[in-house]
Amino acid sequence: MRALILSLAVACVGFAQVDSNSVTVTATRQFYPVLNQVTWVIYLNASDKADLDDITAALRAAGVINAKFSGASQNYGVDLMQGSRWSFTVTSPIASLKDTVALLVAAQKRIQSQSMSMDFDIAGLQPSDQTVTAQPCSQSDLIADARAQAQKMTDAAGVVLGPILAVSDAGLPNATVVYGYAAFLLGVVSTQAATPSTCSLTVKFGMSRY
């Protein structure tokens with residue numbers, strides 16, 4: 001009878017598993033992180049003679065130090081330099097937006113003196129590592145949630161909830177909002193994530209009969 005009651009409880013919860021000596025529960029919490037970093041995409045147009053080392057050196061010489069290479073393609077547009085189009089990403093705090101724009105505009109001018117051209121745009125927003133670390137889904141809170149769920153199940157089944165046997169972390173996804181530079185400057189973009197991020201923790205508890 002107790003086993004039947006426990007099985008019914010598991011069916012209602014939907015994210016718990018029970019065997020003869022343990023109960024496994026996944027606790028989940030959602031949060032809306034503040035998106036406090038800007039991700040920029042930089043495109044550098046050069047002749048086919050230039051390779052990645054040449055392009056990276058040109059960016060560094062222009063003052064763009066921490067750019068990360070993200071891809072390359074051929075230029076076919078009428079308004080673009082015929083050759084290769086290299087793309088990079090750079091991340092900066094929203095608080096330093098004006099300084100970053102000034103740096104990129106200055107880099108455009110320096111790049112032109114190297115027989116290349118450069119353009120850039122905002123690819124999106126994301127939370128900083130510090131923001132994600134400070135999010136409210138702490139491991140201790142999730143364990144407490146899991147224990148409370150497991151306690152209800154074992155109480156209903158008339159068994160004793162035991163110690164934690166195992167813990168596995170499902171991790172935290174990055175929240176990113178994608179939009180254009182113009183939209184950001186016009187103030188039509190919120191720095192609050194529109195959809196929640198989810199953190200979860202799976203905890204396995206021992207259990208025993210009275």
Cross-chain or 6+ apart pairs with Cβ under 8 Å, the range 88-115 first and in the same structural domain as Y43 (by TED's automatic domain parsing), then charged (D, E, K, R) and surrounded by 13 or more Cβ atoms within 10 Å (Cβ to Cβ)
Q108/D119
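Looking at the range 118-133, can you tell me whether even one residue there is in contact with a Pro (Cβ under 6 Å, 6 or more places away or on another chain) and crowded, with 19+ Cβ neighbours inside 10 Å? Break it down stepwise before answering.
Going through the range 118-133, the residues in contact with a Pro (Cβ under 6 Å, 6 or more places away or on another chain) turn out to be 127, 131.
If we keep only those that are crowded, with 19+ Cβ neighbours inside 10 Å too, we end up with 127.
Yes, the range 118-133 contains at least one residue that is in contact with a Pro (Cβ under 6 Å, 6 or more places away or on another chain) and crowded, with 19+ Cβ neighbours inside 10 Å.
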Of the residues in the range 134-159 that are buried (at least 16 other Cβ atoms within 10 Å of the Cβ) and of a type in the set (S, T, N, Q), the one that is modelled with the lowest pLDDT is Q135
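Would you mind finding the one in A95, A61 that is at pLDDT 80 or above and exposed (fewer than 12 other Cβ atoms within 10 Å of the Cβ)? So that I can check it myself, show each step before the final result.
Details: A61 fails: exposed (fewer than 12 other Cβ atoms within 10 Å of the Cβ).
Exactly one residue qualifies, and that residue is A95.
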So how many residues does the range 39-61 have that are outside any strand (DSSP E or B) and of a type in the set (S, T, N, Q)?
2
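The values are calculated or read from the model by the stated rules, or taken from the named source; none is laboratory data. Quick caveat: nothing in here was measured; it's all calculated off a predicted structure. Heads up, the Cβs are rebuilt from the backbone with ideal geometry, glycines too, and the neighbour counts pull from every protein chain shown.
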